[in-house]
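Trainee: Sharing a structure here in structure tokens format.
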Amino acid sequence: MLGEQCEFLDVDERGVRGDRLFALRNANGKFASGKDTRRFRRIDGLLRFRAFYEGDVPTIVFPNGRAIRGENPEIHAALSNTLGQPVHLVREAGISYLDAKPISLLTQTALAWLQTALPDSSVDIRRFRPNLLLDLSGQTQIEQSWIGNILSVGETLKLRVSSSIERCRMVTLAQEGLADDPRILSCITQEADLRFGVYAEVLVPGRIQRGDQMTSEFCESIHRSE
């Protein structure tokens, strides 16, 4: 479903608190996604929904504007009817709902690089769904050089950049204000071997806020985290 922009994030060892903590499970026990993998099954139409937290419970906003809290027993039937197949909203238990590592990072420089390569495309941050967008100037995938680095964000949070993110068809899908655009994945595949953004592990938990500073043990420059 569409992501939620936050003024602050609480981050623990699992990742951003609440991030992908709930999922839709189909009749075969697979989790709804925009792609097919061992754990996930493609269900079209998910990006017509929005989700946001009220306390510890997600509220889901349907394409028709109706909002239903996740604890409402009507939520399962309403989702099933709208998506055209039986699904249940379930909380994570035992099997992680995360794609890979706890935190995903992307920089403005990477977005600028891709926009330059695809001047006729809408290279929008919403296509890539990172936990953190780092505000740097330039037109390179600078974060690819950070693998192995330790990043400090805000007053307490420490992350270790662990690997590149391999992109899939999710980045091409239409959503509110954005058209379906397969050129985006084709460009990332041809120019960057599917790599766009990086994953990180949490070394020291903490709360971060929009506008916090980010520093690296291997880089003296200071950047702003958005």
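The values are calculated or read from the model by the stated rules, or taken from the named source; none is laboratory data. What you see is a predicted model, and the numbers here were worked out from it, not measured in a lab. All Cβ positions, even for glycine, are placed from backbone atoms using ideal geometry, and neighbour counts span all protein chains on display.
Trainee: Being of a type in the set (S, T, Y) and under 23 Å from Q5 (Cα atoms) is true for just one of S186, S162, S216, S152. Which residue is that?
Mentor: Being of a type in the set (S, T, Y) and under 23 Å from Q5 (Cα atoms) holds for just one of S186, S162, S216, S152, which is S152.
Trainee: Name the single residue, out of those in the range 27-86 being of a type in the set (G, A, S) and under 19 Å from the mean Cα position of the chain (by Cα), that is farthest from L98 (Cα to Cα).
Mentor: Across the range 27-86, the extreme among qualifying residues is G45.
Trainee: Let me ask something additional. So is A67 among the small types (G, A, S) and farther than 30 Å from S163 by Cα or not?
Mentor: Here the answer is yes, as A67 does meet what is asked.
Trainee: Within the range 58-101, how many residues are surrounded by 13 or more Cβ atoms within 10 Å (Cβ to Cβ) and in contact with a Lys or Arg (Cβ under 6 Å, 6 or more places away or on another chain)?
Mentor: Final tally of qualifying residues: 6.
Trainee: Hey, another quick one. Of all the residues that make up the range 67-100, how many are β-branched (V, I, T) and either in contact with a Cys (Cβ under 6 Å, 6 or more places away or on another chain) or at pLDDT below 95 (or both)?
Mentor: Residues that pass the stated criteria total 1.
Trainee: Among the candidates L111, L98, single out the residue that is in a loop (DSSP other than H, G, I, E, B) and either free of Cβ contacts under 8 Å to residues at least 12 places away in the same chain or closer than 20 Å to R126 by Cβ (or both).
Mentor: On inspection, the qualifying residue turns out to be L98.
Trainee: While we're looking at this one, here's another question. Can you tell me which condition E92 does not meet? The list is (1) more than 22 Å from R17 (Cβ to Cβ); (2) among the charged types (D, E, K, R); (3) under 18 Å from the mean Cα position of the chain (by Cα), and all the others hold.
Mentor: (1)
Trainee: For the range 122-132, name all the residues that are assigned to a loop (DSSP other than H, G, I, E, B) and of a type in the set (A, V, I, L, M, F, W, C).
Mentor: Correct list: V123, F128.
Trainee: Please go through the range 130-180 and give me each residue that is closer than 19 Å to Y199 by Cβ and among the polar types (S, T, N, Q), ordered by number.
Mentor: Residues satisfying the conditions are N131, T140, Q141, Q144, S145, N149, S152, S162, S163, S164.
Trainee: Another one. What number of residues in the range 102-129 are under 15 Å from I165 (Cα atoms), of a type outside the set (K, R) and surrounded by fewer than 18 Cβ atoms within 10 Å (Cβ to Cβ)?
Mentor: Total satisfying the criteria: 1.
Trainee: Let me ask something else about it. Cβ-Cβ distance below 9 Å, separation of 6 or more or different chains: which pairs start in the range 15-39 with a residue that is without any contact (Cβ under 8 Å) to a residue 60 or more places away in the chain and farther than 23 Å from S162 by Cβ and end on one that is of a type in the set (G, A, S) and buried (at least 19 other Cβ atoms within 10 Å of the Cβ)?
Mentor: A32/A23
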